[in-house]
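Here's the structure we're looking at; comments come further down.
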Amino acid sequence: MTIPKHSPDMNPIRSHTTLEGKLDHITYYNEDNHYTIARLKTKGVQTYITIVGYLAGVAVGQQLEITGVWDTHPKYGQQFKVTSYSVVLPATVDGIRGYLRSGVIKGIGKKMANRLVKHFGDQTLNIIETHTEKLTEVEGIGPAKAKRIAQGWQEQHAVRRLMQFLHDNGVKSSFSGKILKLYGENAVDILRTDPFRIANDLPGIGFQIADAIALNMGLSEDDPQRIRACIINITEQNTSQGHTFIYQERILERCFDIFRIEPEKTLEKLAVLAEDRQLVIEPAFEDQDEPAIYPIRLHQAETAIANKLKAMQSVPIKDAYPDSERITSEVLKKLAIQLSTEQLNVLQEILTHRVAIITGGPGTGKTTLIRSVNAIFELMGKTVILAAPTGRAARRLTEIAHCPAATLHKLLGFNLEEGVFERTRDNPLDGDAIIVDEASMVDVVLMDHLLQAVRMTSTLILVGDIFQLPSVGPGNVLADIIRSQSVRTFELTRIFRQAQESMTVMNAHKVRQGQWPDIALPSSNDSSEKRLSDFYFIEKHTPAQVVEAIVLLCSQKIPDAFNLNRTKDIQVITPMHKGEVGAINLNRVLQKALNPHHSGKPNARMPFKHRDKVMHLKNNYKKDIFNGDIGVVLAKNPNDKELTVNFDGRIISYEPEELEDLTLAYAITVHKSQGSEYPAVIMPLMTQHYALLQRNLLYTAMTRGRQLVILIGAKRALGIALNNDKPQKRFSSLALRLA
């Protein structure tokens, strides 16, 4: 009996060869996509060969028939790249016994395998697959045990049936792991009967899978179900790029160019989606010269934000506030800070506004103002709430303000299981004043939830730097509010004397203005002494040179010169994930260089070692751990069944299925660094990053470093970033709604 072949590789280029042999050893196996590196002992002329490819559900000892091409890996030599394979199930009694004794079927051990084969002989596998009820004839197998054996057989072969189905429908088999996690052994039936279900259940890649299956199964290109899915997919992609709406004409163009759907059909379905309240079609207004299409949630959020901010500002402030002398003395007494004239004027005026914004670059006194506002509100007997968008930003705010700060999600009582917030307009926040730091990171949906929970009589102060990268989620809220000129905005421009002594601060302001940073090495009156700076540019011309220099800086030069911990205190921040100087490769190289001796070799099941620097990737309110939090691996279970991580004193345990929430963090992307500060920052800049070389990205990375910032790479790449002050425009209407 042979399980049908299926092809993980849809694009064969070279002539294919078919081989048969016994799987001798599995070197590497990725549980998510089934990518496998293994050794095969070929049939006939018995030779051991290395095979690589997507091989789902295979086990050592199985007989395989594989089809593929020979390839030469630059490091590992000759390999056989598998493009399709089948498992050749044994037909003889001895073969069946050996197959079952290998443990490939859950519920069948060596003793049970012997009993089964003794009872059913060469029909054993056929009985397991098609006549499960007969298994109870064997000693030691009751109905429950028989059911478990049948389930084990189904699990073993479900993935292969799914991969065959995907192959038959022109879909990459590497998606099978994700689909099986979603639908289990019923995956094929679900995809066959309702292919577009996966478009909703698997964001990102689900639509492409659904569309390929639907078309291959005969669904017409202009089927209403397909048109709906295409429109929803286009709007979701648009949202993932930070926009809150997309112009109608753009949807018509994309549906026609990509999906071959006539504009008339698209317009008809748009009208239906609007009638069903899934999308909002807003007529052209102001500088929007054509209709705009919004996901209904984003339209509601924009509209609600504008209405709430206008309503709050219509409520007069009746409280008496202290005069300048009282403010000055109170701040001096509580904070030991002498306010500048600019800070005093801003502080006085803030007290007269229901909603206010404080913005400015590094060293301009935003932190001092937050602390001062907090002190004055307390003097007036008001309760103050401090918050920030992320866990790391909230902890940093707690440190600088010397008052507890919470994440916005925690403040609003987000219920992860139900996806709702406890704090709403019916259950508002208790604070008289709410101060939100790093407000540029707040997207349009989260800002809507915040404003719903703010009482009309409270004071709201948003603090942020709009020259940094915008929020990961849709919208550009803080920048839009400032641009509308509808909320009093205080832009701090004076760089204080202490900050002027920092080359990093001064160079960050130069970058903000598009000027070249001062990259000259610091001098000293004593020619025998080289004075250390807090900012350096190290010129390197190739990615390999950059990687080598980063390793040397992290492992030796920075720890020795600045007395910093080489893992905890130094953060490499890179523009992108991929490439030689991307986060993925840098993490691999730095793990080897900075953590070479600790026990526990990383593997596909457990890719981390003791003392590895790791980052958490998803908000987990039950564990009080958030996206972007960085910690150190304390220990891992010897059987790779549990991992323990220390996040600044918070000890968090991870089960195997939770490990996808972690990644190595020796190097992170600029986006992941937002809201954080590190003692030392190293940023590679190469022309290979061309698409991401933007002024605000460079500025964001530079402002993450407290004591030291090092840019390393090509001057040309630095110049490209400085000259690129046109980051991707985000389409949103909040500024127009406020203006």
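Each residue, ASN646 and SER314, gets one label point 7 Å from its Cα in the Cβ direction; the gap between the two is 5.6 nm. Go ahead and estimate [θ] at 222 nm for the chain from helices alone: -39,500 (n - 2.57) per DSSP H run with n ≥ 4, summed, over the residue count, rounded to 500. Result for the chain, helices only: -11000 deg cm²/dmol. The antiparallel fraction among DSSP beta bridges confined to the chain stands at about 60%.
Before I look further, what does the chain give for accessible area per residue, probe 1.4 Å, in whole square angstrom? Could the numbers behind the result be given before it?
Details: 34320 Å² over 739 residues.
I get 46 Å² per residue for this part.
Taking a virtual spin label 7 Å from the Cα of THR367 along the C-beta vector, which residues in region 645-682 bring their backbone nitrogen under 19 Å of it? Output list for this probe position: 673-682. Compute the acute angle (0 to 90°) between the alpha-carbon long axis of helix 543-552 and the principal axis of greatest extent of the alpha-carbon atoms of the chain; round to the nearest 10°. That helix lies at roughly 70 degrees to the long axis.
The lysines within cross-link reach of LYS592, meaning a Cα-to-Cα straight distance under 20 Å and a gap of 8 or more places when in the same chain, are LYS75, LYS557, LYS568, LYS578, LYS601, LYS609, LYS613, LYS636. For region 193-256, the gyration tensor built on C-alpha atoms gives an oblate shape. Its axis ratio a/c (a ≥ b ≥ c) is at least 1.5, and a/b is not larger than b/c. To the nearest ten degrees, helix 296-313 and the longest principal axis of the Cα atoms of the chain are 20 degrees apart.
The relative contact order of the chain, computed from alpha carbon pairs under 8 Å that lie at least 6 residues apart in sequence, is 9 percent. Under 5 Å from the amide H of ILE358 lie the amide H atoms of LEU462, VAL463, GLY464, PHE490, each residue being 5 or more positions distant or on a separate chain, with H modelled from the backbone and absent for Pro and chain starts.
Taking percent of Cα pairs over 49 Å apart straight from the coordinates, which label in (i) 23; (ii) 11; (iii) 28 is the correct one? Label of the calculated value: (iii).
Pairs of Cα atoms nearer than 8 Å and 6+ residues apart set the relative contact order; for region 291-422 it is 16 percent. Relative to the longest principal axis of the Cα atoms of the chain, the long axis of helix 263-275 lies at roughly 70 degrees.
For the chain, carbon and sulfur atoms together expose 49% of the accessible surface, with a 1.4 angstrom probe and every protein chain in place.
Report, in whole Å, the centroid distance computed from the Cα atoms of region 676-739 and region 359-406. When both Cα centres are located, 25 Å separates them. Straight-line cross-link partners of LYS269 among the lysines, defined as a Cα under 29 Å from its Cα and at least 8 positions apart when in the same chain: LYS729.
The values are calculated or read from the model by the stated rules, or taken from the named source; none is laboratory data. Nothing here was measured: the structure is a model prediction, and the numbers come from that model. No Cβ is skipped: glycine too gets one built from the backbone with ideal geometry, and neighbour counts run over all protein chains shown. Areas reflect the complete protein model, heavy atoms only, side chains present, ligands, DNA and RNA absent. Shrake-Rupley method; radii C 1.70, N 1.55, O 1.52, S 1.80 Å.
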